[in-house]
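**Student:** To start, I am sharing the structure in question, which I have written as structure tokens.
Coordinate-derived values only; no laboratory data. No experiment lies behind these values; they were computed from the predicted model shown. Cβ placement follows ideal geometry from the backbone for every residue including glycine, while neighbour counts extend to all protein chains displayed.
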Amino acid sequence: MPLGETDGSMRGFTWLILARRGAAANTVAAVAVSDSKEVVIEASPEEVLDVIADVESSPKYMSSQQSAEIVDTDDDGRPRQVRMKIKSAGISDDILVEYTFADDVVSWSLVSARQLKRQDGKYTLTPEGDKTRVKFELTVDLSVPLPGFILKQAIKGAMKDGTDGLGRYVLSVKEGGR
């Protein structure tokens, strides 16, 4: 029986729905995928911001980043443009991103890449006593075909690294390690 027809029974209709759902789960991601996650880190916003601004150390807590090199800095000496080698979900790329720093927000946007059309990220820091609530937001749009569930899995890993990994690294820096 072709994938658009049933034999009229409830069983045939159920098979049709399941077949279409399975096909949808394995489709290639054609749109940007976004996610966000929050974590509370036992450090001041300044301590968290200092670690985020140390972009050359980001591969220590972001498993998808192989390396990060500052290309240009802003007037305050913080990274403005950063070249990164990334690898995630079987895709490797050399990307250039541009950072923007504000008092409680660090954001970046893709300038150039071979495998990505878009990458926008943002950390928002909110003081909570002697701790900091960190909200990490990320949007990625690929130039190459990749099944949607694989891209979502890669984003989920980036969310974990960008929050939990960042938190562990902030604490290790705070305790004197880098």
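**Student:** Testing the spin-label approximation: label points 7 Å from Cα along Cα→Cβ at Lys87 and Glu46. State their distance in nm.
**Tutor:** The answer from the label model is 3.9 nm.
**Student:** Mind sorting Phe101, Phe136 by how few other Cβ atoms lie within 10 Å of their own Cβ, fewest first?
**Tutor:** With the fewest neighbours first, Phe101, Phe136 line up as Phe101, Phe136.
**Student:** Determine the sum of side-chain charges near Gln115: Lys and Arg each +1, Asp and Glu each -1, restricted to other residues whose C-beta is under 15 angstrom from that of Gln115.
**Tutor:** +3
**Student:** Further question on the same structure: Quote to one decimal, in nm, the extra length available between Gln66 and Ala102 on full extension: 0.36 nm per residue of separation minus the C-alpha distance between them.
**Tutor:** Extra length available between Gln66 and Ala102 comes to 10.3 nm.
**Student:** Could you please report the charge total around Val144, scoring K, R as +1 and D, E as -1 over all other residues with beta-carbon less than 12 angstrom from its beta-carbon?
**Tutor:** 0
**Student:** Let me ask another. For Ser34 and Asp76 in one chain, what is 0.36 nm times their gap in residues minus the Cα-Cα distance, to one decimal in nm?
**Tutor:** Once the chain is fully extended between Ser34 and Asp76, it gains 12.1 nm.
**Student:** Binning every alpha carbon pair distance of the range 139-178 at 5 Å from zero, what are the percents per bin?
**Tutor:** 6, 21, 20, 15, 12, 10, 9, 6, 2
**Student:** Between Arg114 and Val144, 0.36 nm times their residue separation minus their Cα-Cα distance comes to what?
**Tutor:** So the extension gain works out to 9.9 nm.
**Student:** Report ³J(HN,Hα) in whole Hz for each residue of the range 144-155, in order, from the Karplus equation J = 6.51 cos²θ - 1.76 cosθ + 1.60 where θ = phi - 60°; Gly and Pro get x.
**Tutor:** Values per residue, Gly and Pro as x: 10, x, 8, x, x, 5, 6, 4, 5, 5, 5, 5 Hz.
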